[in-house]
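Presented below is the structure to which this report refers.
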Amino acid sequence: MSQPNVFVIGATHHVAPIAVREKLTLNAEQSAALQQDLAGITGLKEFTVISTCNRIEIYGVAASSEVAAAVQAAFCQRQRFAAAEFEQFRLVLRDQSAVGHLLEVAAGLDSQMLGETEIFGQVKGAYAAAQERGVTGPVLNRIFQKAFQSAKLARSQTGITEGQVSVANVAVELAANIFGDLEKTRVLLLGAGDIGEKTAKAFRSRGAGSLVVTSRRMERAMELASELGATALPFGQHESRLAEFDIVVGSTSAPDTVVSAAATTAAMRQRPARPLFFIDLALPRDIDPKVAALENVFLYNLDDLARIASENLAARTAEIAKCRALLGGRAEALWRHIEPKLNGAPGSASGVYEPGGQPSP
């Protein structure tokens, strides 16, 4: 008989591309239905489900190793996703490895944007929801609480969050590369959630001239528009007025695309000489991927932005290391020249730096 164990099973951005993750991600209704399914699995003593743009992960405490397979089957059946295909992208960890993974996730160490802090709140929210449903117990309670403590410690005692590159900032930089001065650009924000709001504020901070917000909840669109000094647009009008905008940020929670290739083609007939820049931050995606094939249309999704951010961060880290090596070598050479003079070696006075003078080489 297998021993009881702690496990995590799921799929993350490390292996699963965005086209797969959008099929696996859970909205609130799907998450509730899955958790009801999981509650009926014999031998699954505790569990918590985390679903974000970058990952779907189910943490569990099981009476035996076979339980994880039952969890996978329940998930694939609920999402109508072939088990054989899921196993191509699957993450499975047990015991200490599963616990260590959760600590890294909560601290932002496993994120596409290294050190990002949003995941901490997402993990806390998932755990709180599991507690409310009564599906956690003494094991997961301790693991998650220690994960939160560890994440806070990592942020306070390491530089994990320093110099982090955000999706919003990368998107704004890309827009600036395309349009130059953003003062004359018109930005349309599809959706009024947290990630869209942060991106809109990033555009505002870089001087974007006009910002329009639309959402399936008009009340929320008006609220965010007021906060940003923007205007609100009824959601049903966004495709017919697409030609009016230079930059479109997709951040809704819609189950399907909300901007079609046909609508984009029609919009480009009205503005053939001016580019249209789509930033798709939604999962499932808001913008039909086919728009990327249209002339003068630029489309970046979450994986594209994360890749650019990673390259930028790696390049900056490499440059910092090169600069430190260069300055460190020169400092060492300078110190070898100065140290004997400070210690009173013959003829030392001539080489010592004096105010108003210059140091020796």
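With region 42-128 as the region, which helices (runs of 4 or more DSSP H) entirely inside it contain at least 1 residues that are under 18 Å from ALA28 (Cβ atoms) and modelled with pLDDT of 95 or more?
66-79
Return the residues of region 255-285 that are assigned to a loop (DSSP other than H, G, I, E, B), free of Cβ contacts under 8 Å to residues at least 40 places away in the same chain and more than 28 Å from ASP181 (Cβ to Cβ); say none if nothing qualifies.
Matches in region 255-285: ASP256, THR257, SER260.
Of all residues in region 235-254, how many are closer than 15 Å to GLY191 by Cβ and either in contact with a helix residue (DSSP H, G or I) (Cβ under 6 Å, 6 or more places away or on another chain) or in a strand (DSSP E or B) (or both)?
The total comes to 6.
Could you give every pair whose Cβ atoms fall below 9 Å, whose first residue belongs to region 36-53 and is assigned by TED's automatic domain parsing to the domain that holds PHE75 and surrounded by fewer than 17 Cβ atoms within 10 Å (Cβ to Cβ), and whose second residue is outside any loop (DSSP other than H, G, I, E, B) and polar (S, T, N, Q), counting only separations of at least 6 or pairs across chains?
Between residues of region 36-53 that are assigned by TED's automatic domain parsing to the domain that holds PHE75 and surrounded by fewer than 17 Cβ atoms within 10 Å (Cβ to Cβ) and residues that are outside any loop (DSSP other than H, G, I, E, B) and polar (S, T, N, Q), the close pairs are ASP37/GLN77.
Tell me which residues, restricted to region 35-64, are of a type in the set (Gly, Ala, Ser) and within 16 Å of VAL139 (Cβ to Cβ).
If the condition is that a residue be of a type in the set (Gly, Ala, Ser) and within 16 Å of VAL139 (Cβ to Cβ), then GLY43, GLY60, ALA62, ALA63, SER64 are the ones that fit.
Exactly one condition in (1) more than 30 Å from PRO255 (Cα to Cα); (2) touching a helix residue (DSSP H, G or I) at 6+ places or on another chain (Cβ under 9 Å); (3) not assigned by TED's automatic domain parsing to the domain that holds GLU116 is not met by ALA221; state its number.
(1)
At least 3 residues that are without any contact (Cβ under 8 Å) to a residue 40 or more places away in the chain and crowded, with 16+ Cβ neighbours inside 10 Å in each: list the helices (runs of 4 or more DSSP H) lying fully within region 134-220 that qualify.
167-179, 194-205
Going by the structure shown, is ALA345 outside any helix (DSSP H, G or I), more than 18 Å from GLU173 (Cβ to Cβ) and at pLDDT below 90? Step through it out loud before you land on a result.
Values: outside any helix (DSSP H, G or I): yes; more than 18 Å from GLU173 (Cβ to Cβ): yes; at pLDDT below 90: yes.
Answer is yes for this residue.
The values are calculated or read from the model by the stated rules, or taken from the named source; none is laboratory data. What you see is a predicted model; the values in this text were computed from it and never measured. Cβ: placed from backbone, ideal geometry, glycine included. Neighbour counts: every protein chain shown.
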